[in-house]
Ligand code: AOF
Ligand code: ZN
C-alpha cells in the first residue's frame, strides 16, 4: 500500500503522464488523478493532440465521485478553447473542490488564467508540487512556449578514446544493439531529427523510427508518427537518391542556396526545401532554423544526430541543451574523427565545461547525459 501523501498522488499523475511520452506531440504530456476521502476515484492522461486532455479522462472515470474531490494535475488546467474545451471549466462544473498542479502552463494562451478561473469559482489552488519532475517531462514544450525554440538533445556515439568515426567517415557500428534501441526511443519522442548533409551523404541514414527496433508494447502506434527529418544543407548537396527522401513522413532540407534548378529537383524527389538567411561563412543560420521549427512546425524536442562540424557549430551557438553520449568499449585510434570540431579552441581557458546529470550502462555501452555548464 503506497503512502497516501500529496506527493504520492502527484507521482502517480506523473507516471500516467509518461504514458503519453511518444504520442502527445505537439501537446505536452499531462497526467491527472482525482482523490476523494483518501481514495483514488479517477485518473487519466493526455494521449494525442485533438483528443481530450488528462483532466477530462479522469473526470469521466470518476463520474459523480468527482464532486468534492481533489485533482492532482501535472500541468495547470487549461483556460482556453483550443481543439478541446477548457479543463478548468470542466473541473469547476464537476464540483472538484481543490486543484494541486505541479507547474503553471507556459502556453501564453493559458499562463495562470486556468488557476485564476478556478479560484474565481471558489476552487482552492496549489501549484509547485514535484515541479522539477513535471518540467523534466516536457522540456521541449516548455522551451517552445517560453523561449520560442525547441529543446535540442544532441546524441553521439563514441569509442572509449573519444572518437566518433574513422577518418573516411565510416562509423557503423560503434555502439551495440541496446544503445541503438535507446536512440530509436530518443527519435520516437522527438518532434524532429536534425542531421548535417555530410552525415547523410556518408551513412545514407533514414532518420526514421523503426517499430521493430523499439521493443515497446505500443511500438506500432508510435511508429506511425515519424519525426520531421531536417537536413542542414547550405549548398543543396543532398543526393536525389538519398534513402531519407523515400521514407514515410516529411524531409525538410534547410539551405541558404538560392539555386532554383537544384531545389526543383530535390522537391521532385520528395524533399521540402526551406531557404533561410545565411549565418557564419555562408552556412545555414542555425538560430533561424530553430526559430522556424518552433514557430512554424510546432517542434518541441529535437534530436540532433550529426557529425563533428554541425555538432560543433550548434554547441558554439549555444543551441545544445543536452548531450546524450554513448560510449562503446572499443578504441578507434588517433586517425579517427573527434566528436566536435571547435576550430577556435586553442587554450585551456576556452574549454567547454559540462555538467553530468547521469551515467549508466546500456547493454555493453555506457550512456552519459550531460549539459553545457552555465557560465
Ligand atoms: C490541460 N490538460 O492534458 C493538456 C493541456 O489544442 P488543445 O485543445 O489540445 O490544447 C493544447 C494546449 O492545452 C497545450 O498547448 C497546453 O497549453 C494545454 N495542454 N492542458 O489542461 C492536458 N495536454
Ligand atoms: Zn485542458
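Of the residues making up the range 121-133, none is surrounded by 23 or more Cβ atoms within 10 Å (Cβ to Cβ), on the phi < 0 side of the Ramachandran plot, more than 13 Å from ligand 1 (Cβ to nearest atom) and free of Cβ contacts under 8 Å to residues at least 40 places away in the same chain.
Conditions tested, residue by residue: (1) modelled with pLDDT of 95 or more; (2) farther than 27 Å from residue 295 by Cβ; (3) surrounded by fewer than 23 Cβ atoms within 10 Å (Cβ to Cβ).
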{"position": "150", "(1), (2), (3)": "yes, no, no"}
{"position": "153", "(1), (2), (3)": "yes, no, yes"}
{"position": "165", "(1), (2), (3)": "no, yes, no"}
{"position": "168", "(1), (2), (3)": "no, yes, yes"}
{"position": "181", "(1), (2), (3)": "no, yes, yes"}
{"position": "190", "(1), (2), (3)": "yes, no, no"}
{"position": "193", "(1), (2), (3)": "yes, no, no"}
{"position": "215", "(1), (2), (3)": "no, yes, yes"}
{"position": "226", "(1), (2), (3)": "no, no, yes"}
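Quick check, is residue 100 touching a helix residue (DSSP H, G or I) at 6+ places or on another chain (Cβ under 8 Å), away from ligand 1 (no atom under 13 Å from the Cβ) and either closer than 17 Å to residue 135 by Cβ or modelled with pLDDT of 95 or more (or both)? Taking the combined requirement at face value, the residue satisfies it. Can you say whether residue 43 is touching a strand residue (DSSP E or B) at 6+ places or on another chain (Cβ under 6 Å) and within 22 Å of residue 143 (Cβ to Cβ), as far as the supplied structure shows? Taking the combined requirement at face value, the residue does not satisfy it. The residue that is nearest to ligand 1 (Cβ to nearest atom), among those in the range 52-77 that are more than 20 Å from residue 131 (Cβ to Cβ) and touching a helix residue (DSSP H, G or I) at 6+ places or on another chain (Cβ under 7 Å), is 56. Within the range 120-134, is even one residue within 14 Å of ligand 2 (Cβ to nearest atom), out of contact with any strand residue (DSSP E or B) (no Cβ under 8 Å at 6 or more places or on another chain), modelled with pLDDT of 95 or more and more than 20 Å from residue 51 (Cα to Cα)? No, there is no match, as no residue in the range 120-134 is within 14 Å of ligand 2 (Cβ to nearest atom), out of contact with any strand residue (DSSP E or B) (no Cβ under 8 Å at 6 or more places or on another chain), modelled with pLDDT of 95 or more and more than 20 Å from residue 51 (Cα to Cα). The strands (runs of 3 or more DSSP E) found entirely in the range 155-266 that carry 1 or more residues being under 20 Å from the mean Cα position of the chain (by Cα) are 192-196, 228-232, 251-255. Of all residues in the range 76-114, those satisfying the criterion of being closer than 28 Å to residue 37 by Cβ, within 13 Å of ligand 2 (Cβ to nearest atom) and surrounded by 20 or more Cβ atoms within 10 Å (Cβ to Cβ) are 76, 77, 78, 86, 87, 88, 90, 91, 99, 101, 114. Say we look at the range 34-51 and pick out the residues that are in contact with a helix residue (DSSP H, G or I) (Cβ under 8 Å, 6 or more places away or on another chain), assigned to a strand (DSSP E or B) and free of Cβ contacts under 8 Å to residues at least 40 places away in the same chain; which of these is farthest from ligand 1 (Cβ to nearest atom)? Once the filter is applied, the top-ranked residue is 36. Scanning the range 28-69 for residues that are within 13 Å of ligand 2 (Cβ to nearest atom) and more than 25 Å from the chain's Cα centre (by Cα) returns 58, 59. Which residues, taken from the range 272-289, are in contact with a helix residue (DSSP H, G or I) (Cβ under 9 Å, 6 or more places away or on another chain), in a helix (DSSP H, G or I) and surrounded by 15 or more Cβ atoms within 10 Å (Cβ to Cβ)? Residue satisfying the conditions is 286 alone.
The values are calculated or read from the model by the stated rules, or taken from the named source; none is laboratory data. Values in this document were obtained by computation on a predicted structure and should not be read as measured data. Note: ideal-geometry Cβ built from the backbone for every residue, glycine included; neighbour counts use all protein chains shown.
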